Each structure stands twice: as C-alpha cells, then as structure tokens.
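Reviewing the structure listed below.
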Amino acid sequence: MTEIPGIRYYDVRQVTGETTHIDIDKGVIESAGVSFFKKAVVRVLGPHGWGIVETDKPEELTGKKFETLLASGLRLAQLTGDPVSLADVSRTILPVPKVKEDCREIGLEEKAALLGKIEKAADLPQISSRRANYLERIETVRFFDSSGSGYSFESCRSGFAVVAVASRNGDSQMAYEPDRTIHGFNLRHKEEAGRKAAGLALSLLDAKAAKGGIMHAILDPELAGVLAHEAVGHACEGDLVEEGNSVLKGRTGEQIGDSRLTIVDDPSLYEFGFEPIDAEGVAVGRTELIKNGRVNAFLHNRETLAAVGHGLAGHARAMPGEPPLVRMSNTFVEAGDASDDEIFAECRNGIFLAGSRGGQVDTGRGVFQFNAEYGYLIENGEKTQMVRDVSLSGEILKTLHGVALCGKKREMHAGYCGKGGQSVPVSDGAPLVFLHNAVVGGSGVD
C-alpha cells in the first residue's frame, strides 16, 4: 500500500451506481429518469485528526495521482489539533441477499405503468389529491485502506410511496403508504397500497380530534419503532455520547426502563437498513442498546469506540461521496411474550396509537414528541372510536419505565434517517407495546 510520512492511516470508499425516479400526480407523470454517479471519499489520518478529500475521478485512486490525493488529505489533517485514536476491529463481510427480480431488467415505461396503477387505485370518491413516487438505487461499493483491508459489493434498494388526500366540507386529511425493500423490484401487484392510503384518508375525515392527557397507551409496531429509533437509537450514537449531547452518557448499566424492554440495532438483518459491512470496512452485527431495561451499549465507529467504549464499532454509514458518520440501521424493540388480547385487556381503558407523522427528539435534554397518524380509543379492552391529531411525548428516562408489556410479533417499517446533511436507508420496528401513564397530546375538547 502507498506510504507517505506523517500519515498514520488512510481509507478509500468509492461508490458507483445509478438512480431511477418516477413521480406521478393525478395520473400525470411529472418526472421520470435515470441518473448515474461515481464518487469516492479519501480519509487521511495525520498526526492528530482527519483530512478528507472527495473525488469523482476513478483514475485519481491509483498511482502518482493517488499519492497526490493522499498528500492533499495530509495537509488538511495537519490543520486539525483534535487527537484521534482508532479501535481495533473485525473485518468480516456478510453476503448480500439475492434479489427476487432485478430492477435493471424492467424498462422505465413498464415501471411507470405499474406505479400508475398503484396511484390510480387511490382514486376513490372524495379523494381530492393523490400522488405516487418510485425510487430505485443500485450501488457498487469498493473499499480499501492502508492496512491492506478491502472489500467490494453491490446492493439494490427500491421502493414506492403513495399519498392520498381526502376532502369534505373544507376539511382535508392525508394518508401515506410506503413500501421499500432490499430484495429487488417491488412494483408488481401493489395496488392495495393505493386503496389503503385512500381508505385511511377517508376514515380520518370521520375521526374526531383526540383529547390529550396522561393515559394508558398501546403503540402499534410502527410508532413503537419510531420511539426506539428516535428516543433511544439517536441517544445511543457514540458521537453524540462523546460530545455530551446524549442524556444516556455515563449511564451504562443504569436501569432506565422496565425489565421487559430490550432495544436493538442490527445492520446484519436483511431489512432496509442492511449493510454487509460498514463504511469503515468493519464487521457489522447486533448491538443491544437497552437490555432488560438497562443501558447496555452504544453505537460506534472506530474513533468513538476508542474514545467512549461500551459498545461495538460497525455502525459507520455514509452517502456516496460523503465521510462516514455513526448511524443506526435496523432498530427495534425486541418481541415479548404477551398476546394482543392480553395487551388490550391489561390496558382496559386508554388509547391505541398507530402510524407515524414525524416528530422531534432532543437527545441532550432527553425529551421527545412524535405525531401518530391516527388512533382509537380503548374502552373495556376493545378498540372503539377512531381519533386523529394525536401525539406521544415525554422524557426518555421516565417513559421507558412505563413499558408494561411487549407483544409476540415484531414488524419492521422501512424509511430514511437524516443526520449531518446525509440521509441513509433504515428500518425500525417493534411488536405491540403497552405504556402505562403515557403523555398523549391532542386538540380535542369536551
């Protein structure tokens, strides 16, 4: 490998690929196309910190031109005074699952026609607006570093989303139905997604605004997964812990939740956040963030593992052409042993919260607020009236103690997570989760 005095370590991550997108609005294709990219990031660790150089020219990654690139990185690294140590790690790469149908074998016109059927399926009476989009990304990743380690792999992610807006007497309600996968082309026979989005939007027109207060709550797998991702996953990211921007810093081993609660991040699962190896060439695997209610481990790259400890590396991720950051992948609440009937019977009276419409978390203060897509009142252990405009909020260190039961069946939901200007594919999930005395927000009045 190339050696230059003053460089303690370097690595190169090159990503080439293509992106296909289609957008349809009320039966009209607004945009459709394919774009190609070829980007590489060279990280150089000098006497203290990092120097980072980006290039879109593959010829610069070999020979004299590569030496010039490394020298540029070293000059940048010498400007930093922040000391950096790297933990020793394992380098094993996992196999990428085979796709069921290769996206590249289907033409753009056929993809648009299939997406159009999904969008058209949302065309029900009182649906005033409907829209669908498709995104597919095929990447070939190549990595090598100054220690002689290297790997390459190809991945394909594809997915669509359909949005329906229902309107009546000046009131409008929206519903959103996504479907994303790492297993290949996924537009065939998916018209039910359009009908589901439209049906939910119409149902929300008839739903009443929820009344807020402190009450028992059952979270569906999607919203409970958002709780795991936002309230716990981000607070367990090693860079935030190192910076002191996490309420969980210094709490390893502390009981912060019910003993039935275990929250995991696992890049090795064949879900939307799957990575065969991380962006630093480090082996990936299961990390139990919360184990039996106790703070157990943090998510790390090589640098934060050396600085903070208490966890595993293998959680560095990056967009093409960007430096790696500590990120989540597949984050979830571990399934428990309670049946759905037992959970509703135990709740007796309260609220069922389903779906997610985003929210926010302050990892430093340890507070969060998430909007549910809809809910149902629970009376005598049964779901009754549908409600809307409902949210869940609270303090991380208090709310997790309210987890009373976890269901037997975990479900995962795919999406994207933003951090540091980068967006990466993730999934999160859970079984049904029962919370004692949850802080529920609503706009309804007596």
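Tell me yes or no: at least one residue of the range 113-123 is in a loop (DSSP other than H, G, I, E, B) and more than 30 Å from ALA161 (Cβ to Cβ).
no
Filter the range 232-266 for residues that are under 20 Å from GLY407 (Cα atoms) and assigned to a helix (DSSP H, G or I) and give the result.
Within the range 232-266, VAL232 is the sole residue that qualifies.
Residues are listed down the side, and each one gets a yes or a no for (1) in contact with a Leu (Cβ under 9 Å, 6 or more places away or on another chain); (2) surrounded by fewer than 16 Cβ atoms within 10 Å (Cβ to Cβ):
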{"position": "GLU136", "(1), (2)": "no, no"}
{"position": "PHE143", "(1), (2)": "no, no"}
{"position": "PHE160", "(1), (2)": "yes, no"}
{"position": "GLN173", "(1), (2)": "yes, no"}
{"position": "ARG188", "(1), (2)": "yes, yes"}
{"position": "ALA193", "(1), (2)": "no, no"}
{"position": "ALA224", "(1), (2)": "yes, no"}
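Table: residues versus (1) under 21 Å from the mean Cα position of the chain (by Cα); (2) crowded, with 20+ Cβ neighbours inside 10 Å.
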position	(1), (2)
ASN380	no, no
MET386	no, no
ASP389	no, yes
LYS419	yes, no
ASP428	yes, yes
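Kindly list the number of the only condition in (1) touching a residue at least 40 places away in the same chain (Cβ under 8 Å); (2) within 30 Å of ASP82 (Cβ to Cβ); (3) touching a His at 6+ places or on another chain (Cβ under 8 Å) that fails for GLY366.
(3)
Could you tell me whether LEU325 is of a type outside the set (Phe, Trp, Tyr) and either open to solvent by 30 Å² or more (accessible area, probe 1.4 Å) or in contact with a Phe, Trp or Tyr (Cβ under 9 Å, 6 or more places away or on another chain) (or both)?
yes
Kindly evaluate ALA297 against the criterion of being surrounded by fewer than 23 Cβ atoms within 10 Å (Cβ to Cβ), at pLDDT 95 or above and within 23 Å of ASP179 (Cα to Cα).
Judged against the criteria, ALA297 is not a match.
Consider the range 430-446. How many of its residues are outside any strand (DSSP E or B) and buried (at least 17 other Cβ atoms within 10 Å of the Cβ)?
Qualifying residue count, the range 430-446: 2.
So which of GLY381, GLY350, GLY442, GLY407 ends up being within 26 Å of LEU200 (Cα to Cα), touching a Pro at 6+ places or on another chain (Cβ under 7 Å) and of a type in the set (Gly, Ala, Ser)?
GLY407
Can you tell me how many residues within the range 367-399 are in contact with a Leu (Cβ under 6 Å, 6 or more places away or on another chain) and more than 17 Å from MET215 (Cβ to Cβ)?
So the answer is 0.
Look through SER155, SER85 and report the one residue that is at pLDDT 95 or above and open to solvent by 70 Å² or more (accessible area, probe 1.4 Å).
SER85
Please pick out the residue among VAL99, VAL42 that is modelled with pLDDT of 95 or more, of a type in the set (Val, Ile, Thr) and within 23 Å of PHE274 (Cβ to Cβ).
From the options VAL99, VAL42, the qualifying one is VAL99.
The rows are residues; the columns are (1) surrounded by 14 or more Cβ atoms within 10 Å (Cβ to Cβ); (2) touching a Ser or Thr at 6+ places or on another chain (Cβ under 7 Å); (3) over 30 Å from GLY107 (Cβ atoms); (4) at pLDDT 95 or above.
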| site | (1), (2), (3), (4) |
| --- | --- |
| TYR9 | yes, yes, yes, yes |
| THR19 | yes, yes, no, yes |
| ILE29 | yes, no, no, yes |
| PHE66 | yes, yes, yes, yes |
| ALA71 | yes, no, yes, yes |
| LEU94 | yes, yes, yes, yes |
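For the range 259-288, enumerate the residues that are buried (at least 23 other Cβ atoms within 10 Å of the Cβ) and over 25 Å from VAL12 (Cα atoms).
LEU261, ILE263, ASP265, GLU271, THR287
In this structure, does MET386 turn out to be within 29 Å of ARG142 (Cβ to Cβ) and outside any helix (DSSP H, G or I)?
Criteria not met by MET386.
The values are calculated or read from the model by the stated rules, or taken from the named source; none is laboratory data. On a predicted model such as this, the values are computed, not experimentally measured, just so you know. Neighbour counts run over all protein chains shown; Cβ positions are idealised from the backbone, glycine included. Ligands, DNA and RNA are excluded from the accessible area calculation, which covers all protein heavy atoms including side chains. Shrake-Rupley method; radii C 1.70, N 1.55, O 1.52, S 1.80 Å.
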